[in-house]
Amino acid sequence: MIEQALANRYGRNAFQHQLLGPLRRDARVFVGTSNAGIYLVTSAEDADQTLGFYTWRVRAELRHARNLRAIAKRFRLFAGHESTIATKKERAVIYIDESGTPDIGDTEQPVFVVGAVIVENRREVASLEQRFRNASAILRRPVEHELRSSGLSLAKHARALRELSLIDYQWAAACFDKARLVSAGFEDPRTLYRYAFQFLIGDLLMTAWQADLVIDEHSTEEFQRQLAAYLQRQNSGLPVQRLQSVSFAESSKQRLVQLADLVAGAVRRSTNGEQAPLREIEHQMINLQFWPPQ
């Protein structure tokens, strides 16, 4: 083990900052962690042990975070509280769109998918337009053309996501099987719409932690106002600064909302056995949930 071999020369802080830090920033190596200690990943067994450890730990920590958040919401612990956020840490921006309709009576579209694209490095936005220009050129579409999954063939959908995967983003999605949503409340499409958005956003705020939301604008201003208030209210178990703004944007003018649509569409297509678009972005996935659980 690295730590054992060098313990006689490095104190705990020096080991963390002088050895582990540089190694973990080096793309040529990976420092693994498990109950066995810290080691360089050099074999399939090392990778298996490390992935297993991270997966278990992430799941356990998220469970603790959800429990604490529920308590904070129940007892209004954050009422009037101003959270301290490190100034050097950038806020993430979460861009959200959906695929399919939230009408459970619409059997032609059996699933309703909400997809989110998360960008934490805002400098990446500077190269965004060029990436979309490249994708449009490959698809032989006008540069100003709005890319939407519903307007693309399976092959072109996959090709667009392959080109746009060069953008530094991560994504998450929630897919709802409408035939299995038996609660009477879901008969109103607005209820499923709000529920689906909060279902996804609530989990993402555990990982993005401090974020602003940008949602596709395709409903009335009054419904948008109600949705923003609902999301703020449902996430009251977090300090208010964590979810500071909820805004709405025209997808034709906001490229990352278009990307969220492409992601949601890839998940929807995968439920029909069309896996090609989803395969192009699997490596950038944070989480994909199906509800009710399959």
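The values are calculated or read from the model by the stated rules, or taken from the named source; none is laboratory data. Here the structure is a predicted model, which means the values were calculated and not measured. Every residue, glycine among them, receives a Cβ derived from its backbone with ideal geometry; neighbour counts consider all protein chains shown.
Brief remarks follow.
- Checked against the criterion of being small (Gly, Ala, Ser) and at pLDDT 85 or above, the range 1-23 contains not a single residue that satisfies it.
- Filtered residue count, the range 28-74, keeping only those that are closer than 23 Å to THR207 by Cα and either in contact with a His (Cβ under 8 Å, 6 or more places away or on another chain) or not in a helix (DSSP H, G or I) (or both): 5
- Residue check, ARG269 buried (at least 19 other Cβ atoms within 10 Å of the Cβ) and of a type in the set (D, E, K, R): yes
- Of all positions in the range 163-170, none carries a residue that is surrounded by fewer than 13 Cβ atoms within 10 Å (Cβ to Cβ) and of a type outside the set (A, V, I, L, M).
For every residue, the table says whether it meets (1) surrounded by fewer than 16 Cβ atoms within 10 Å (Cβ to Cβ); (2) in contact with a His (Cβ under 7 Å, 6 or more places away or on another chain); (3) at pLDDT 95 or above; (4) not in a helix (DSSP H, G or I).
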site	(1), (2), (3), (4)
LEU192	no, no, yes, no
ASP203	no, no, no, no
LEU213	no, no, no, yes
HIS218	yes, no, no, yes
SER252	yes, no, no, yes
GLN258	no, no, yes, no
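- You will find that of ASP106, ASP48, the residue that is in contact (Cβ under 8 Å) with a residue 40 or more places away in the chain and not β-branched (Val, Ile, Thr) is ASP106 and no other.
- Residue tally, condition of a type in the set (S, T, N, Q), in contact (Cβ under 8 Å) with a residue 40 or more places away in the chain and surrounded by fewer than 17 Cβ atoms within 10 Å (Cβ to Cβ), over the range 123-150: 2
One line per residue, one yes/no per condition, for (1) of a type in the set (A, V, I, L, M); (2) closer than 28 Å to GLU146 by Cβ; (3) touching a residue at least 12 places away in the same chain (Cβ under 8 Å):
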{"site": "VAL182", "(1), (2), (3)": "yes, no, no"}
{"site": "ASP188", "(1), (2), (3)": "no, no, no"}
{"site": "ALA208", "(1), (2), (3)": "yes, yes, yes"}
{"site": "SER252", "(1), (2), (3)": "no, yes, yes"}
{"site": "ASP261", "(1), (2), (3)": "no, yes, yes"}
{"site": "ARG269", "(1), (2), (3)": "no, yes, yes"}
{"site": "PRO277", "(1), (2), (3)": "no, yes, yes"}
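- Here ARG59 passes the criteria (1) under 30 Å from ARG180 (Cβ atoms); (2) at pLDDT 85 or above; (3) not aromatic (Phe, Trp, Tyr) except the one numbered (2).
- Yes/no for GLU280 being under 30 Å from GLU61 (Cα atoms), charged (D, E, K, R), in a helix (DSSP H, G or I) and more than 13 Å from the chain's Cα centre (by Cα): yes
- Test: residue in the range 160-170 that is modelled with pLDDT of 95 or more, under 21 Å from GLU98 (Cβ atoms), assigned by TED's automatic domain parsing to the domain that holds VAL267 and outside any helix (DSSP H, G or I): no
- When SER153 is tested against (1) buried (at least 16 other Cβ atoms within 10 Å of the Cβ); (2) modelled with pLDDT of 95 or more, just one condition goes unmet, and that condition is (1).
For every residue, the table says whether it meets (1) of a type outside the set (S, T, N, Q); (2) closer than 25 Å to ALA249 by Cα.
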residue: VAL143; (1), (2): yes, yes
residue: LEU147; (1), (2): yes, yes
residue: GLY151; (1), (2): yes, yes
residue: LEU154; (1), (2): yes, no
residue: LEU166; (1), (2): yes, yes
residue: TYR169; (1), (2): yes, yes
residue: ALA173; (1), (2): yes, yes
residue: LYS178; (1), (2): yes, no
residue: SER183; (1), (2): no, no
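- The requirement of being assigned to a helix (DSSP H, G or I), in contact (Cβ under 8 Å) with a residue 40 or more places away in the chain and either under 20 Å from ASN235 (Cβ atoms) or in the same structural domain as SER183 (by TED's automatic domain parsing) (or both) is fulfilled nowhere in the range 84-92; no residue meets it.
- The residue list GLU98, GLU120 contains one member that is within 20 Å of the chain's Cα centre (by Cα), surrounded by fewer than 18 Cβ atoms within 10 Å (Cβ to Cβ) and closer than 30 Å to TRP291 by Cα, which is GLU120.
- Selection count, the range 102-117, where residues are more than 24 Å from ASP212 (Cα to Cα) and either in contact with a Ser or Thr (Cβ under 7 Å, 6 or more places away or on another chain) or not assigned by TED's automatic domain parsing to the domain that holds PHE176 (or both): 2
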